[in-house]
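In what follows, a structure is listed as structure tokens, so that the remarks can point back to it.
The values are calculated or read from the model by the stated rules, or taken from the named source; none is laboratory data. Values in this document were obtained by computation on a predicted structure and should not be read as measured data. Reconstructed Cβ throughout: ideal geometry from the backbone, glycine too, with neighbour counts over all protein chains shown.
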């Protein structure tokens, strides 16, 4: 089963070919994709490396966690870290429930108040 590995804190001058040759030491690499940074002055700082097997990805984590590349200590995980920007559109709601803005029909994303009453089962008497 293919496993995508998140690699963070990469040097700015890193290339996909460099990452491919580095991580191929751990297993069969299917693809490498550098994630463009949001700051235009800092072009890239992370990438996804997809391995053919989960075993290869886990071996890469063991081999390269804490590995220093161009004076930068790499950060590795199986999943991308959750970023604040991925939570855009969420705002705190009443009773500790996050409300999703922009839902059609004026829905708030609060299942306790927006859900219609359940329909009776067709085979049961009303």
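A few points about this structure:
- Matching residues in region 7-31 - criterion: being under 11 Å from residue 60 (Cβ atoms) and crowded, with 16+ Cβ neighbours inside 10 Å: 7, 19, 22, 23, 26, 27, 29
- Residues satisfying the stated conditions in region 32-50, i.e. modelled with pLDDT under 90, surrounded by fewer than 15 Cβ atoms within 10 Å (Cβ to Cβ) and in a strand (DSSP E or B): 36
- Considering region 51-90, and only residues there that are within 20 Å of residue 15 (Cα to Cα) and part of a loop (DSSP other than H, G, I, E, B), the residue that is modelled with the lowest pLDDT turns out to be 80.
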